[in-house]
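**Student:** Supplied in structure tokens, the structure appears directly below.
Any read-out appearing in this document is the output of simple, stated calculations on the displayed coordinates, not a laboratory observation. Being a predicted model, the structure only gives us computed values, none of them experimental. Here the Cβ positions follow ideal geometry from the backbone for every residue, glycine too, while neighbour counts run over all protein chains shown.
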Amino acid sequence: MSDDILFEKRGHAGFVTLNRPKALNALSFDMVRALARQLTEWESDPQIAHIVVTGAGDKAFCAGGDIRSIYDARQAGETEGLSAFFRDEYLLNAQIKAYPKPYIALINGIVMGGGVGVSVHGTHRIGTEKTMFAMPETGIGFFPDVGGTYFLPRMPKKSGVYCALSAGRLKQGDALATGVLTHAVSADSLADLEASLETATDIGAALAPFLVTPERGPVSEHLEEIGKAFSAESVEEVLNRLDASDTEFAQKAAAAIRGKSPTSVLIAFEQMKRGGDLSFNECMKLEYRIVSRILQGTEFYEGIRAVLVDKDQNPNWTPSQFGQVDSADLASYFEEPQGGDLPLA
């Protein structure tokens, strides 16, 4: 068993620790598979009443998946099996969503990408004042996956669509107001909260003494404006509505969207439109279709190069303009992949 993820029975609880603090607890393929196996084992264990997931260190709960390894494999010419990580990760997300026991994520610090996938689908998402949520995938030529197709369109006033397109960040107050978090606590109380959860028979009662009321954040302040802009029927119209606003918030959102991969933004917008009407498992199947197609292209690898490898923060997107993205090419991301759909009922 790798030390990158730790499992421990403490009282009535099964504790999971994502244990790669130097890598901001980014999920590796081995961690994904180990967590899936352990959840399966604990599901039938009568001594385990609920699951508690934490991240080592105080910087991040989990900052995403270990996508650098996928880039390195592609660079080495190892193109077979690149989708296996995402297949197993998406199956894990579905397992967490359907888990029959309470699944409690204690979020302290950064929670992005794959970290969202192992937290937001649980029954309890408890965040501290250090919480910083984002789905930054359009900035690396990717798309907001790990169940983003399901939960982002269901966030109030199109705030999830805003997050998907702009990679907008939510701190504790905004994350609670939009439903990313179910509860807010202080980071100083986490050790005592964990101890309480070890013996808790009523999770709500165990949480109650620790709950705090966070300050409102900028997204909460601008929910009405977000709703008006991001309810548009096209990315072009979203940008037009943001451009027509005289608020700094709208101008920053428009600039952020224009800095992302045009292909990724258009994929994410279509993904958000479809996801609101799909079941969770249907959403995961859709994401597997998208990722299977993305792995065959160039945008994702160019995004990783610019952000994680060369770190010049200057990706060369192809095409570079929204109007240059071919509609037939865009449609191909939503078709069944050659190897078949994700095996979910």
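**Student:** Quick check on my link table: of K285/K311; K158/K260; K130/K273; K158/K311; K97/K228; K101/K158, which ones sit more than 25 Å apart, alpha carbon to alpha carbon?
**Tutor:** On the way: K285/K311 32 Å; K158/K260 19 Å; K130/K273 31 Å; K158/K311 32 Å; K97/K228 30 Å; K101/K158 30 Å.
Pairs exceeding the cut-off: K285/K311; K130/K273; K158/K311; K97/K228; K101/K158.
**Student:** Using the Cα gyration tensor of the chain, with a ≥ b ≥ c the square roots of its eigenvalues, what is the shape: rounded (a/c below 1.5), prolate (a/b larger than b/c) or oblate (neither)?
**Tutor:** Details: a/c = 1.80, a/b = 1.30, b/c = 1.39.
Oblate, since a/c reaches 1.5 and b/c is not below a/b.
**Student:** Moving on to the next point. Among rounded, prolate and oblate, which fits region 108-177 when a ≥ b ≥ c are the square roots of the eigenvalues of its C-alpha gyration tensor, a/c under 1.5 means rounded, and a/b larger than b/c means prolate?
**Tutor:** Numbers: a/c = 1.38, a/b = 1.32, b/c = 1.04.
It comes out rounded by the Cα gyration axes.
**Student:** Quickly rank 80-92, 103-115 as a protection proxy: mean count of other C-beta atoms within 10 Å, highest first. Could the numbers behind the result be given before it?
**Tutor:** Working: 80-92: 18.6, 103-115: 25.8.
Order by mean packing, descending: 103-115, 80-92.
**Student:** Nearest 20 debye, what's the magnitude of the dipole of region 5-332 about its Cα centre given +1 on Lys and Arg Cβ and -1 on Asp and Glu Cβ?
**Tutor:** Numbers: 32 positive and 41 negative charges, 33 e Å.
It works out to roughly 160 debye.
**Student:** Among D329, D145, D174, determine the one that fluctuates most according to a GNM of the chain built with springs between C-alpha atoms less than 10 Å apart.
**Tutor:** Highest fluctuation among the options: D329.
**Student:** With 10 angstrom as the radius, rank T263, T79, T182 by how many other C-beta atoms surround their C-beta, starting from the fewest. Mind dumping the intermediate values first?
**Tutor:** Values: T263 27, T79 10, T182 17.
Least to most surrounded, the residues fall as T79, T182, T263.
**Student:** Which aspartates and glutamates, on any chain, are close to K9 with Cα under 15 Å apart, when same-chain ones fewer than 8 places away are left out?
**Tutor:** Answer for K9, where 15 Å is the Cα cut-off: E41, E43, D45, E194, E198, listed by chain and number.
**Student:** Rounded, prolate or oblate, given the Cα gyration tensor of region 1-120, with a/c below 1.5 counting as rounded?
**Tutor:** Details: a/c = 2.12, a/b = 1.53, b/c = 1.39.
Prolate, because a/c is 1.5 or more and a/b exceeds b/c.
**Student:** Within region 315-337, which residues have the backbone N less than 20 Å from the label spot 7 Å out from R74 along Cα→beta-carbon, could you tell me?
**Tutor:** Answer for region 315-337: 315-322, 325-326, 329-337.
**Student:** Among DSSP beta bridges lying fully in region 5-332, give the percent that are antiparallel, nearest 5. Working shown, then result.
**Tutor:** Values: 9 of 30 bridges.
Rounded to the nearest five, the antiparallel share is 30 percent.
**Student:** Still on this structure, please answer the following. Using mean Cβ contacts within 10 Å as the protection proxy, how do 60-71, 130-141, 240-251, 32-43 order, highest first? Let's see the in-between values first.
**Tutor:** Values: 60-71: 22.3, 130-141: 24.2, 240-251: 14.3, 32-43: 17.2.
Highest mean packing first, the order is 130-141, 60-71, 32-43, 240-251.
**Student:** Ok, one more. For region 232-270 and region 290-334, what is the separation of their Cα centres, given in Å?
**Tutor:** Going from one Cα centre to the other spans 17 Å.
**Student:** Contour minus end-to-end for D202 and A84, with contour as 0.36 nm per residue of separation and end-to-end as the Cα-Cα distance?
**Tutor:** On the way: separation 118, 0.36 × 118 = 42.48 nm, distance 3.80 nm.
That pair, D202 and A84, stretches by 38.7 nm at full extension.
**Student:** Tell me the mean residue ellipticity at 222 nm calculated for the chain from its helices only (DSSP H runs of n ≥ 4, each -39500 (n - 2.57), averaged over every residue, nearest 500).
**Tutor:** On the way: 17 runs with 149 residues, N = 345.
Here the helix-only value at 222 nm equals -12000 deg cm²/dmol.
**Student:** Separate question: Using modelled backbone amide H atoms (1.01 Å from N, in-plane), which distant-in-sequence or interchain residues come within less than 5 Å of I5's amide H?
**Tutor:** For I5, whose amide H was placed from the backbone, the distant partners under 5 Å are N19.
**Student:** Collect residues whose amide H, placed 1.01 Å from N in the peptide plane, falls under 5 Å from the amide H of L27; neighbours closer than 5 in sequence don't count.
**Tutor:** G64, G65, D66
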